[in-house]
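The values are calculated or read from the model by the stated rules, or taken from the named source; none is laboratory data. Not measured: the values here are computed from a predicted model. So basically every Cβ, Gly included, is an ideal-geometry build from the backbone, and we count neighbours across all protein chains shown.
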Amino acid sequence: MKSKVEQGLNEQIHAEFFSFYLYLAVSAYFTKLHLEGFAHWMRVQAQEELAHAMKLFDYLNERGGAVRLLAVESPQSEWASPSAAVEAVLKHEQHISERINRLVDLANGENDHATAVMLHWYVREQVEEEATADTLYHQVKMVEASPHGLLMIDRELAGRPAAAPAAEAEA
Ligand code: OFO
């Protein structure tokens, strides 16, 4: 594997671990607000992010690349409001989509077809991740002035099923 692609994949593993940290931080923030459904939803998403990191980790190993784990920085832990916390998640997903797109460009530029094809899974996943975060953000914005509305969303979010283990994150 070309070293530029290897480096790009290692940096993406780091970005996915940071996503894991960020969702955990947002989950803890909602726990403090007693919005347990939000906290649960963010925690399940954190598990998905871990699966995203591990999928890249396994791919690098499979291709004979060198995995280098980078230090994961502390995420923010306080937000001004529930919508500000969800907005942070939305902005982060938009940033991750840009990163993935740049990584696909890099793999194509290096004629690494296997990596480009593997990354298509992430391109599709990001469409879903951004759409979900965008919907949640706008819904929370709509009801923020009414605790009743927030509690209704909280109940709905509590029903999110647990994430599949990392090895099953193929679909
Ligand atoms: Fe890994 O998709 Fe969200 O960040």
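Here are 78, 98: which of them is without any contact (Cβ under 8 Å) to a residue 60 or more places away in the chain and within 26 Å of residue 145 (Cβ to Cβ)?
Exactly one of 78, 98 is without any contact (Cβ under 8 Å) to a residue 60 or more places away in the chain and within 26 Å of residue 145 (Cβ to Cβ), namely 78.
Quick grid of which residues meet (1) within 16 Å of the chain's Cα centre (by Cα); (2) part of a helix (DSSP H, G or I):
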| site | (1), (2) |
| --- | --- |
| 31 | no, yes |
| 37 | no, yes |
| 45 | yes, yes |
| 51 | yes, yes |
| 75 | yes, no |
Selection within the stretch 103-126 - more than 15 Å from the ligand (Cβ to nearest atom) and crowded, with 19+ Cβ neighbours inside 10 Å: 106, 107, 112, 115, 116
Cross-chain or 6+ apart pairs with Cβ under 7 Å, the stretch 115-130 first and touching a residue at least 12 places away in the same chain (Cβ under 8 Å), then within 11 Å of the ligand (Cβ to nearest atom) and of a type outside the set (Asp, Glu): 119/100; 122/100; 123/100; 126/96; 126/97; 126/100; 130/94; 130/97
Checking residue 69 against (1) touching a Lys or Arg at 6+ places or on another chain (Cβ under 9 Å); (2) hydrophobic (A, V, I, L, M, F, W, C); (3) surrounded by fewer than 17 Cβ atoms within 10 Å (Cβ to Cβ), the condition it does not meet: (1)
Within the stretch 77-100, considering residues that are assigned to a helix (DSSP H, G or I) and of a type in the set (A, V, I, L, M, F, W, C), the one farthest from residue 153 (Cα to Cα): 100
Top-ranked residue of the stretch 17-38 - restricted to ones that are in contact (Cβ under 8 Å) with a residue 60 or more places away in the chain and under 17 Å from residue 74 (Cα atoms), ranked as farthest from the ligand (Cβ to nearest atom): 26
Single residue of 170, 130 found to be modelled with pLDDT under 95, under 30 Å from residue 58 (Cβ atoms) and under 21 Å from the mean Cα position of the chain (by Cα): 170
Number of positions in the stretch 108-138 that are farther than 22 Å from residue 19 by Cα and assigned to a helix (DSSP H, G or I): 5
Subset of the stretch 43-102 (residues that are closer than 30 Å to residue 1 by Cβ, within 10 Å of the ligand (Cβ to nearest atom) and hydrophobic (A, V, I, L, M, F, W, C)): 46, 50, 51, 53, 56, 96, 100
